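Here's the structure we're looking at; comments come further down.
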Number of protein chains: 2
Amino acid sequence: MKLCNRAKSGSLASGFIGIFALFLCSVSYAADPLPSWNDGTAKEAILYFVNAVTDKNSKDFVEPAERIAVFDHDGTLWVEYPMYTQILFAFDRVKKLAPQHPEWKTTQPFKALLEGDMKTVGESGMKGLMEIVVATHSGMTAAEFEQEASQWLATTKHPKFDRLYSECIYQPQLDLLAYLRANGFKTFIVSGGGIQFMRPISEKNYGIPPEQVVGSSGVSDFQVKDGKPALIRMPKIGFVNDKAGKPVGIYEHIGRRPILAFGNSDSDMQMIEYTMAGEGQRVGLFLHHTDADREYAYDRKSHVGTLDKALDQAGASGWIIVDMKNDWKAVFP
Amino acid sequence: MKLCNRAKSGSLASGFIGIFALFLCSVSYAADPLPSWNDGTAKEAILYFVNAVTDKNSKDFVEPAERIAVFDHDGTLWVEYPMYTQILFAFDRVKKLAPQHPEWKTTQPFKALLEGDMKTVGESGMKGLMEIVVATHSGMTAAEFEQEASQWLATTKHPKFDRLYSECIYQPQLDLLAYLRANGFKTFIVSGGGIQFMRPISEKNYGIPPEQVVGSSGVSDFQVKDGKPALIRMPKIGFVNDKAGKPVGIYEHIGRRPILAFGNSDSDMQMIEYTMAGEGQRVGLFLHHTDADREYAYDRKSHVGTLDKALDQAGASGWIIVDMKNDWKAVFP
């Protein structure tokens, strides 16, 4: 920007210099590494951080191998409102599997779900939702589950945006992921969502390979089925990669402390606290959903992606609140 | 080789051609991607496999992202005889921590270990060993454990080889790992050993970053300690990444089925069965410790790294048995 101003204030009488300046400005514009981000505190902080950790002459230089960036998924990389995508997938699977489960007609919360009584489903709380997830995500091989999830994600649309759920992803985050990788970062998803539900889309959507996805998981069992070795998904929750589980998941899967963490709800606080507690330059970001027109506006009292304590603590802890409405030039690709 | 023969049988009267042929032969020799491997069935099978999956015109071509290679650790990448290195680390920690644990003087198997009664320690079996591992690997932060493991690995020598345990690694496997990576493979450790015990050395020893190490793990807990967020290692086993646990660990951590798997004991059978059960070209290898002079000779009746059923099943299953004595030109770097 400085270069552009200087060139413009130079001798405009000279056509050559004027054209040269325009050329430089357009190059400078094209080279904006975060084109879907508006100029502002959040964008500046990201650019400053990446420059600091990648500049070999900086006291904050970080070796490429240690440039680990972690992103929450629901509400951080893709839409989570009005309901987490994976829960909707589980609801659809209850309807699909109902003929094989006559007992669901008389068992809550399955009964309510099949009758469209969403109030009762909601009242079953996290316990009820987990029962639905466990029942619909188990009793099949790993390959069969991947097929089911991929098929659903490739065909089911979000009601507000008339796009596939799998396409309700945020362009500014795609910019950021690409920018980080271009600067030697390894990018990971660290989500409370099911690890195997995200993997079929992680590479295509975000350029994040399956082995860089960390998430919650059920218990799996290695069995020989029909003469072929296979992984069978059991009806039991294994690890919950949420809240205080996120730093644990990072420890187990990645084995290094990230230097950048990006979330959007109070469930991401521990991941960001853990990230920030290391030495040297670090950055922790929360996406604040403030854009009722282009996406949704929700925070403290939302039933999904509650952002409350983190908003209060952000200032004192040096966390960056990214304001979707003001900081993002575009929302979707 | 053909080129060398042809050049030699050509006009040797021409000094130029002779020198040119020598030059080509030396290039061909220098370019052997597995210089520590003797020519033989195992080396040929590896070279054939890598050519097949990386040749774009081959029906067996595999996209780089799917080129996942997994290696067991103990007895496959480094020495496991006469006792698994991590168990020796745990034994040393019992001695170091004994002053803080007066109860160990009267509790087995700690009492026997402190008295040097290894027969009784051995008789305590896997249960006793696990008690020792759990007691010595918990009650500290992740960073403290990493420090303890790194320190021990940097200072403790193997009695037979007069080298650090961390340097008792196999040169032919370093060749193979480098060759695979040069051909677009992503290399992983998939071990029954503790994930956090291997990580401090995985990058330096094998060029395998911590995030590509899969192993057994204890339960960890995220806590704020002395005002600083930290991961505390709890006295509880979390996941056992051994035998049928290995394909499960691969599923959870990597999320793709490997196309190459290398182990050395019956505990690796399920990992190799899982690898081989996918479509297309795949290769499963077992290292057979047959070299009492340069390393050790053990298999069916060994107390560590038992290789028995896999030896019987290898022929029918198309697994490759790598004979250390005959297939490896060198053992250590």
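Here are some notes:
- Cβ pairs under 7 Å, 6+ apart, first in the stretch B:320-333 and part of a strand (DSSP E or B), second hydroxyl-bearing (Ser, Thr, Tyr): B:Asp323/B:Thr290; B:Trp328/B:Ser36
- Boolean, B:Gly218 is assigned by TED's automatic domain parsing to the domain that holds B:Ser36, farther than 30 Å from A:Gly227 by Cβ and touching a helix residue (DSSP H, G or I) at 6+ places or on another chain (Cβ under 8 Å): yes
- Flag for A:Ser191 being in contact with a Gly (Cβ under 9 Å, 6 or more places away or on another chain), surrounded by 21 or more Cβ atoms within 10 Å (Cβ to Cβ), part of a strand (DSSP E or B) and free of Cβ contacts under 8 Å to residues at least 60 places away in the same chain: no
- Hits in the stretch B:42-64 - residues which are closer than 19 Å to B:Gly318 by Cα and out of contact with any helix residue (DSSP H, G or I) (no Cβ under 8 Å at 6 or more places or on another chain): B:Glu44, B:Ala45, B:Leu47, B:Tyr48, B:Phe49, B:Asn51, B:Ala52, B:Val53
- Among residues of the stretch B:230-250 being within 11 Å of chain A (Cβ to nearest Cβ) and basic (Lys, Arg), the one that is surrounded by the fewest Cβ atoms within 10 Å (Cβ to Cβ) is B:Lys243.
- The condition (being within 26 Å of A:Val214 (Cβ to Cβ) and either assigned by TED's automatic domain parsing to the domain that holds B:Ile189 or in contact with a Cys (Cβ under 8 Å, 6 or more places away or on another chain) (or both)) is satisfied by just one residue among B:Gly255, B:Gly305, B:Gly315: B:Gly255.
- Checking each residue in the stretch A:268-315 for being among the hydroxyl-bearing types (Ser, Thr, Tyr) and within 14 Å of chain B (Cβ to nearest Cβ) picks out A:Tyr274, A:Thr275.
- Scanning the stretch A:154-176 for residues that are surrounded by fewer than 20 Cβ atoms within 10 Å (Cβ to Cβ), hydrophobic (A, V, I, L, M, F, W, C) and part of a helix (DSSP H, G or I) gives a single hit, A:Leu174.
- Among the residues listed as B:Gly245, B:Gly238, B:Gly207, B:Gly184, the single one being closer than 23 Å to B:Gln86 by Cβ and touching a residue at least 40 places away in the same chain (Cβ under 8 Å): B:Gly245
- Applying the criterion of being among the hydrophobic types (A, V, I, L, M, F, W, C) and over 12 Å from the mean Cα position of the chain (by Cα) to the residues of the stretch B:177-189, the residue that is farthest from B:Ala149 (Cα to Cα) is B:Ala182.
- Members of the stretch A:182-191 found to be more than 13 Å from every other protein chain (Cβ to nearest Cβ) and touching a strand residue (DSSP E or B) at 6+ places or on another chain (Cβ under 6 Å), listed by number: A:Ser191
- Residues of the stretch A:160-186 that turn out to be aliphatic (A, V, I, L, M) and over 23 Å from A:Asn326 (Cβ atoms), as a count: 2
- Among the residues making up the stretch A:195-209, those that are surrounded by fewer than 21 Cβ atoms within 10 Å (Cβ to Cβ) and either facing chain B (nearest Cβ under 10 Å) or under 23 Å from B:Ile237 (Cα atoms) (or both) are A:Glu203, A:Pro209.
- Every residue from the stretch A:302-326 that is of a type in the set (Ser, Thr, Tyr) and within 20 Å of the chain's Cα centre (by Cα): A:Ser302, A:Thr306
- The residues in the stretch B:39-91 that are hydrophobic (A, V, I, L, M, F, W, C), over 30 Å from B:Thr156 (Cα atoms), in contact (Cβ under 8 Å) with a residue 24 or more places away in the chain and in a loop (DSSP other than H, G, I, E, B) can be counted, and the count is 1.
- B:Ala142 being away from chain A (no Cβ under 13 Å), touching a residue at least 24 places away in the same chain (Cβ under 8 Å) and surrounded by 15 or more Cβ atoms within 10 Å (Cβ to Cβ): no
- Top-ranked residue of the stretch B:210-229 - restricted to ones that are of a type in the set (S, T, N, Q) and within 9 Å of another protein chain (Cβ to nearest Cβ), ranked as farthest from B:Val53 (Cα to Cα): B:Gln223
- Matching entry among B:Glu66, B:Glu44, B:Glu80 (being at pLDDT 95 or above and surrounded by fewer than 13 Cβ atoms within 10 Å (Cβ to Cβ)): B:Glu44
The values are calculated or read from the model by the stated rules, or taken from the named source; none is laboratory data. Predicted model, so just to flag it, every value in this text is computed and none were measured. Every residue, glycine among them, receives a Cβ derived from its backbone with ideal geometry; neighbour counts consider all protein chains shown.
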